[in-house]
Structure formats: structure tokens, C-alpha cells
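Colleague: Sending over a structure as C-alpha cells; questions will come in a sec.
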Amino acid sequence: MRNENCEMRSEFIPKFAIRNPKFNCELSHLSLSIVLPAYNEEHNIEPLILEIDSFVKTITPDYEMIVVDDGSRDHTCARLQQLQTLCPRLQVITHKQNLGYGQALRSGISQAQKDLILLMDADRQFKIEALPRFLEQIPYCAAVIGFRMARRDNCYRRVLGRLGNAFLNLALKENFRDVNCGFKLIRARELKAIRLYSNGGLISCELIRKLLARDKKVCQLPVPHYPREKGKATGGRLRTAARFLVEVPNLFRQ
């Protein structure tokens with residue numbers, strides 16, 4: 001198996017980091033781009049950005065937040081414009097229409113300028129406080145892929161997620177626990193060395209597949225998952241599923 005499961009005891013990783021001078025040197029010089037695709041997240045985007053900005057500045061002064069508003073029909077764009085006056089490190093990319101989750105990620109990745117790229121969903125079902133454990137592992141691999149320890153979605157989305165993950169692992173010929181988890185930390189030079197084409201949810205599978213094809217080490221770490229408190233999930237919509245199925249043949253032709 002080419003993927004590496006990094007489920008080490010949580011108390012072990014911080015102790016190792018403290019004892020390893022090379023490790024601390026890498027962290028002290030890290031720069032970080034946080035890419036957040038957003039669609040109709042007017043109630044989530046402001047607290048999310050403020051939480052990220054407050055937390056990440058305690059880790060590194062060299063960071064940027066890139067939100068891609070993927071054709072939202074609510075007030076997401078207006079909220080982001082207001083936030084830019086409070087958060088100078090916030091960049092906003094606006095799609096005039098909804099182009100899909102994959103295209104939103106691709107737009108954000110292309111704009112990212114830092115050494116590490118965190119891909120994080122904007123629905124507040126992940127917390128930025130999970131980042132340090134991922135940073136602790138990134139010196140030893142090209143990407144750290146999260147997996148939701150206990151998925152806090154309704155039964156329909158959990159079942160759909162399990163079926164989708166089983167299918168994606170068949171495509172990858174691997175055994176990833178949560179291919180579509182919306183919390184991934186990747187070295188920018190490795191991510192920008194591959195060309196991504198997916199416009200929809202297949203982009204996570206495409207990303208992992210192409211990293212592995214380049215013989216890059218991909219690790220997995222558990223990440224806490226929280227219930228969506230505001231807004232509506234779009235991952236289980238018929239249109240999203242149809243876009244996913246249409247893109248599957250393209251993945252195998254690449």
C-alpha cells in the first residue's frame with residue numbers, strides 16, 4: 001500500500017515534535033494558504049473566517065485565507081466584502097455562477113502563494129484547531145488527508161458517503177478511510193505539480209490519485225467532525241451526484 005496511515009497516539013506526536021529540532025525549525029518557517037470553497041454560506045462564513053484568522057496567527061505570521069464564492073445566491077459575497085476590511089489577509093475569488101466544488105478548489109489553489117495549502121470546507125463542520133496535528137506530520141509526507149472520526153451528518157449523507165468512499169477506493173486501488181474529507185493539508189509544490197480537471201466532488205479522488213502516481217507519500221489523520229448548524233449541505237443533491245458520475249470516465253482516461 002502506498003498510502004500511509006498515521007493514526008499514532010495523540011500524546012506521542014507532540015512529544016516527538018518537541019524533541020526534534022529539525023521539525024521545530026520547519027514549523028517556525030512555514031507559510032500557509034487556507035483555501036475555502038463556499039456556496040451559500042452567509043451564516044457560516046463570518047465566524048469561520050474570524051476563527052481561522054485568530055487561531056492561525058498564533059502559529060505563523062505568514063498566512064493567507066482564500067475564499068472562493070462559487071456563485072452563491074445568498075449574501076455570502078457581501079459578508080466576504082465586509083470581512084476584508086477586518087482581515088487584511090483575506091482574499092476573495094468570485095464565480096458569477098455555480099461551477100462546482102472542484103472548480104472552486106482549483107480557483108483557490110491557483111491563487112495560493114504559500115508553501116503549504118490547507119483545503120478546508122466552509123460549512124464549519126471542521127475546526128481550524130485540528131491544524132497543528134496535521135502540521136506535525138507534513139514534514140514527512142506530501143499530503144495529510146483527514147478522515148472524519150465520527151461523521152456528524154444525517155443518515156442519508158453517511159450512507160452516501162460510505163458508498164462513495166468504497167467506489168473511490170476501487171478507483172484508487174487503495175484503502176483510504178475518507179477520500180472526500182474536507183480537511184487536507186498539502187505541500188504547495190506537490191499540489192501545483194499536478195494538473196487537476198475535475199469540476200465536482202471527484203476532485204479529491206483525482207488529487208490523491210495523481211499524488212500517488214508521482215510516488216508521493218500520502219498520510220491519513222483523524223479529524224473531529226461537527227454537525228452543520230446553519231445553511232444546507234449540497235453534497236447529496238441530484239445535480240452534484242450527476243456531475244460526479246459524468247466525471248468518472250474522465251478520471252480513468254487521464
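Laboratory data are not the source of any read-out in this text; all were calculated from the coordinates shown. Predicted, not measured: the structure shown is a model, and the values here were computed from it. Cβ sites come from the backbone with ideal geometry, for glycine too, and all protein chains shown count toward neighbours.
Colleague: Place the peptides 91-98, 48-55 in order of packing, highest mean first, counting for every residue the other Cβ atoms within 10 Å and averaging per peptide.
Modeller: Going by the mean number of other Cβ atoms within 10 Å, highest first, we get 48-55, 91-98.
Colleague: Using the alpha carbons of region 50-205, what is the convex hull volume per residue in cubic angstrom, as a whole number?
Modeller: Output value, Cα hull per residue: 130 Å³.
Colleague: What is the distance in Å between the Cα centres of region 176-191 and region 33-109?
Modeller: Value for the Cα centre distance between the two parts: 18 Å.
Colleague: Among 138-145, 32-39, 77-84, what's the highest-first ranking by average C-beta atoms within 10 angstrom per residue?
Modeller: Highest to lowest by the protection proxy: 32-39, 138-145, 77-84.
Colleague: Straight-line reach from Lys232: which aspartates and glutamates have Cα under 17 Å away, leaving out those fewer than 8 places along the same chain?
Modeller: Lys232 reaches Glu41, Glu42, Glu46, Asp69, Asp70, Asp74, Asp121, Asp123, Asp153.
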